[in-house]
Every structure is written in C-alpha cells, then in structure tokens.
1. If DNA, RNA and ligands are ignored and the probe is 1.4 Å, what is the ranking of K128, K141, K45, K212 by accessible area, most exposed first?
2. Please name whichever of G17, M55, F90 sits farthest to the positive end of the charge dipole of the chain, dipole taken about the Cα centre and charges placed at Cβ: Lys and Arg +1, Asp and Glu -1.
3. Which of these, E197, E232, E217, has the largest mean-square fluctuation under a Gaussian network model of the chain (Cα springs below 10 Å)?
4. Just how far, in whole angstrom, is the range 136-156 from the range 186-252 if you go by their alpha carbon centroids?
5. Each residue of the range 30-42 in order: what ³J(HN,Hα) in whole Hz does its phi give by Karplus 6.51 cos²θ - 1.76 cosθ + 1.60, θ = phi - 60°, with x for Gly and Pro?
6. Could you list which residues have their amide H under 5 Å from that of L136, counting only those 5 or more apart in sequence or on another chain, with H placed in the peptide plane?
7. Take the chain, connect every pair of alpha-carbon atoms lying under 10 Å apart with a spring to form a Gaussian network, then pick out the residue of D73, D241, D172 with the largest mean-square fluctuation.
8. With both partners inside the chain, how many of the DSSP beta bridges are antiparallel, as a percent to the nearest 5?
Amino acid sequence: MMHTPLLRIERLTKTYGDLTAVDDVDLSVEAGEIFALLGPNGAGKTTLISCVCGMVQRFTGRVRVAGFDVRDDYPVTRRLVGVVPQELNFDGFFKARKVLAYQAGFFGKRRAKARARRLLEDFRLAEKADANTRWLSGGMKRRLMICKALIHEPVLLFLDEPTAGVDVELRDELWAYVRRLRDEGTTVFLTTHYLEEAEHLADRIAILRDGKLVLLETNAGLKSRFGQRWLEIRFQEAVGDDAVARLGADSVRRLDDRTLRFSYREEPSTLAQSAIEPLLNRIHSEGLRVAAIDGGASSLEDIFRQVMRREQDASPVPFPAVRPNPADN
Ligand code: ATP
C-alpha cells in the first residue's frame with residue numbers, strides 16, 4: 001500500500017507578479033513530527049503555510065493533507081488544520097471565552113465549552129476568560145491565538161513564528177506546550193527565524209531561501225552530517241608554525257600564539273580514539289605543555305551559516321542534498 005504522509009507538498013510554486021515567493025517546493029511531513037521551516041525574512045515561509053491552509057488558493061503544484069487536496073477538498077482539509085498566524089486574528093471587543101466559542105461554532109464543534117475551559121487553563125488564561133481581549137497582554141493574546149487554533153482539534157497545527165517577540169519565560173512555556181501537543185498526537189509545523197528554536201524542538205528542519213528549499217534533514221542528521229566538533233588547546237608557551245605543522249591535524253586554526261583550535265567531522269563516539277588520542281600523543285612527543293583544553297560541537301547556527309554561504313556561492317556541489325520524502329530514507 002502507498003504511504004500517505006500527513007502533509008505532502010509537490011512542486012509548489014506561488015508567484016506575486018514577477019516575484020516567485022515559493023519556488024518549486026517539494027516536502028512531506030509525517031504524522032507525529034515537529035517540523036521546523038527556517039528561513040530569513042521574506043523567504044516565503046508564510047506564503048507556503050498560506051497555500052496549505054487555504055488562505056492562498058492560486059498556486060501551481062499540489063498540496064494534500066492526509067491525502068486530501070487543499071483546494072478540491074478544502075472543507076475537509078480546513079478541519080484537519082489549525083493555524084496560528086503572526087498577526088492577531090480575533091476581535092479585541094470579544095471576550096477570550098467568546099473568541100473560542102465562535103471559532104468552535106464555525107467548525108460546528110459540539111461540547112466545545114469543556115475544551116475551551118481546558119485550553120484556557122492550559123494556557124494560563126482562565127482568569128482572563130471574561131476579559132475583553134484588547135486588555136490582554138501581548139503574550140496572553142498570543143496564547144489565546146494558539147487556543148483558537150486548537151479549539152477544533154486539528155491534527156496538523158501551523159505555528160507561524162510562534163515566539164517572535166516573546167520573553168524567555170513564555171518561549172520556554174510555548175516550547176513545552178508544543179512538545180506536549182506532539183506527545184498527545186498533534187503534528188506541528190512551525191516557522192521560525194530562530195535556529196535555537198528549531199534545534200530545540202524540531203525532529204526535522206527545512207531551510208527556505210528565496211522561495212527555494214535549500215535543505216531538508218533530520219535535526220540529528222544535520223548535526224552529524226555537517227556538524228563539526230572542535231577541541232581548543234591552550235599551551236603553556238607560544239607554539240611555532242613548524243610545531244603546529246608537525247601535529248598533522250587536518251583542520252587547525254591558530255587563535256593566538258599559544259592557543260590552537262582543532263576541528264573534526266567525526267562521530268563523537270569514535271572521536272577520542274581516532275583523532276584526540278593521536279593528537280595528544282604528538283603534542284606530548286613535541287614536548288609541548290598543555291595549559292587548558294576545551295571542546296564542543298558546532299551549533300545549528302554554524303550549520304545554517306554554512307548552508308547559506310554555499311547557496312550564495314551557487315556551489316556546483318549538491319550540498320546539502322534535499323530529501324523530499326522522509327519515507328525514502
Ligand atoms: P518573514 O519571516 O519576514 O515573515 P516569510 O518567509 O514568511 O518572511 P513571506 O511573507 O512568505 O516570507 O513573503 C515572501 C515574499 O512574498 C516576500 O517578498 C513578500 O513581500 C512577498 N509577498 C507575500 N505576500 C504577498 C502579497 N499578498 N502580495 C505581494 N507580495 C507578497
């Protein structure tokens with residue numbers, strides 16, 4: 001039987017006049033994933049979401065949710081999907097509880113009262129349930145938008161830059177809630193500028209640039225495929241270039257006359273035997289005395305910069321490879 005991903009986007013292109021906002025994008029999202037779409041301002045993230053959620057209808061290509069076409073079967077897909085947009089999407093003169101009741105009514109949801117109560121409690125809005133929404137703080141409004149998107153129990157939730165401009169406490173709370181949603185069975189598709197957010201939350205990460213998908217990879221795979229580990233050694237005395245050359249490391253950068261940074265692209269589990277021990281042995285036989293050692297792994301931020309650089313250089317190497325369908329892996 002053919003595998004049906006929860007979201008399948010094929011050859012999606014959206015133009016506004018001469019501008020191609022989304023350019024021939026293929027991607028699939030599996031049920032149960034947290035999927036992050038990263039990209040700089042204007043990359044086309046919101047446009048892509050809008051095509052999936054029915055806010056934009058004129059595009060080329062095909063988008064299906066649970067096998068249903070988002071244009072031909074819109075009444076079905078609209079129910080499967082929840083969207084938290086960047087901009088406020090409720091009337092400031094409505095009470096929070098009413099916002100949820102109206103939205104539930106729009107979807108013909110019965111027994112929505114109890115769900116609304118639970119959502120308001122989960123998002124610490126219970127006390128404000130009967131306050132006019134224009135009196136809520138910015139963070140509270142944002143939380144209410146998430147409640148609104150969840151009231152009809154969508155299976156796929158889109159969060160368009162959920163933590164832009166929120167404080168660290170609310171960000172952590174939202175992150176915890178996103179994980180909980182996923183654990184309870186909702187698939188989450190988020191867009192973000194924040195690499196840290198994608199790194200913390202997402203199972204898979206896609207990067208969009210000028211409307212094109214330039215990378216699609218698992219979070220862990222991304223780090224092990226492109227990530228580097230580094231070891232920084234500070235010596236007790238200055239180290240000459242000759243001595244550095246004799247250490248025979250593949251990638252070494254001088255930070256100052258006494259400090260060297262060695263980079264490796266190897267699995268952490270084999271790194272000690274294959275790279276670090278031989279290096280320390282050579283340091284020892286060179287008679288160099290170590291004052292301090294530090295080490296770590298490159299972050300997604302470094303990887304993101306690498307990927308962006310390669311795109312700008314229009315590198316002929318197909319790097320990184322785009323994998324449209326995780327089921328093929
Ligand atoms: P940001 O991170 O800044 O929100 P984004 O990645 O979400 O950016 P989009 O909002 O999708 O980017 O915009 C992609 C491009 O399409 C931009 O150049 C934008 O100006 C353009 N665009 C979006 N909507 C329209 C529209 N309705 N009419 C004309 N151009 C549009």
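1. Order by accessible area, largest first: K212, K128, K141, K45.
2. Positive-end residue among those listed: F90.
3. E232
4. 33 Å
5. 8, 4, x, 8, 10, 10, 10, 10, 9, x, x, 3, x
6. Amide H neighbours of L136, under 5 Å, 5+ apart: none.
7. D241
8. 65 percent
The values are calculated or read from the model by the stated rules, or taken from the named source; none is laboratory data. Not measured: the values here are computed from a predicted model. When we count neighbours, we look across all protein chains shown, and the Cβ atoms used for this are built from the backbone with ideal geometry, even at glycine. Note: accessible area is taken over every heavy atom of the protein model, side chains too, but ligands, DNA and RNA are not part of it. Shrake-Rupley method; radii C 1.70, N 1.55, O 1.52, S 1.80 Å.
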